[in-house]
């Protein structure tokens, strides 16, 4: 009887020790994963500018990945990647030959003409103020008039100084060739890294899946799916949208210039700026249209400015009524009031990059919060993912 009791006690002790050992191993594995995460995060934060080529490569993965996957159905994956590389190279060469030379020429002419444009705007504003003084009994306060004139005087002086020192500025930029060559050398890493990422994308997913614990596997891929869906759909849609807006503005301004009596120049610069400005939500239309309206008003007066305003209005209408519903859709779905706060917050924290990615980052944080809330409400990973998808469809 004592033997049986001792045997049961020993078995219970062994079981307790085994459980304690298993718990210790789980804690050690979690600490190891946490330490690895901290080390990787510290390395990424300390790398700083060195990660810029890989950031460019990550953006290209999202842009080119769907094309490679479509070609992969009929070709070997390496051949599909090389075909995409070839097409992108031809497009880049064509853009370099057809767009870059006139773009550089227009920028140079704009810098030279900047003092005259500012002077024209100054005289126009002064004429408006004089007309106001003549037709209205009361005049503007002297402080306001003096401030306006002083502002235009300073702007004209600075613009004249910039034009006179254009050669010095060009020479100073030439001295930075070493830095430019360094940046280009870093970007040469991108095609090689991008090839391996695109070619081994599925293998990497399988390998990562093996490394994950079965307890975390579903949650990890659900979180990954949320980030990938929002970021990729927004980025691809925004690039297409900006390219179309740039083309619409360019064609519209060209048509305006062909109308007798209308004066507008620097069309390529204005079209590209209109497209780039569209990357910034909420304020992109205003930022993209302002330079064109100012230049049209300075060169051709109110009539040309009104015609250019019509072009930007048509482009904005096409964006909101036709392009956004079909290209971007409701993948982000952030209320304008919330998005404005996110723009200000992320813009002040991360600069221009924060403005560019404020919309998808805000949407990602929202969906991750909703997913975590569902998981903490005792829903399984599959139920939480389905519930989040159903919420987007409503």
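Every number in this text was worked out from the coordinates using simple rules, so none of it is lab data. Note that the structure is predicted; figures quoted are calculated from it, not measured. Cβ placement follows ideal geometry from the backbone for every residue including glycine, while neighbour counts extend to all protein chains displayed.
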*Given the peptides 354-365, 217-228, arrange them by the average over their residues of other C-beta atoms within 10 Å, most packed first.*
354-365, 217-228
*Would you please put 231-237, 295-301, 256-262 in order of how densely packed they are, using the mean number of other Cβ atoms within 10 angstrom per residue and starting with the highest?*
295-301, 231-237, 256-262
_At 0.36 nm per residue, and after removing the present C-alpha to C-alpha distance, how many nm does the segment from residue 365 to residue 200 gain when stretched out fully?_
56.5 nm
*If each of residue 344 and residue 38 carries a label point 7 Å out from its Cα toward its Cβ, how far apart are those two points in nm?*
3.6 nm
_Under the 0.36 nm per residue contour assumption, what length would be gained going from the current alpha-carbon distance of residue 120 and residue 23 to full extension?_
27.1 nm
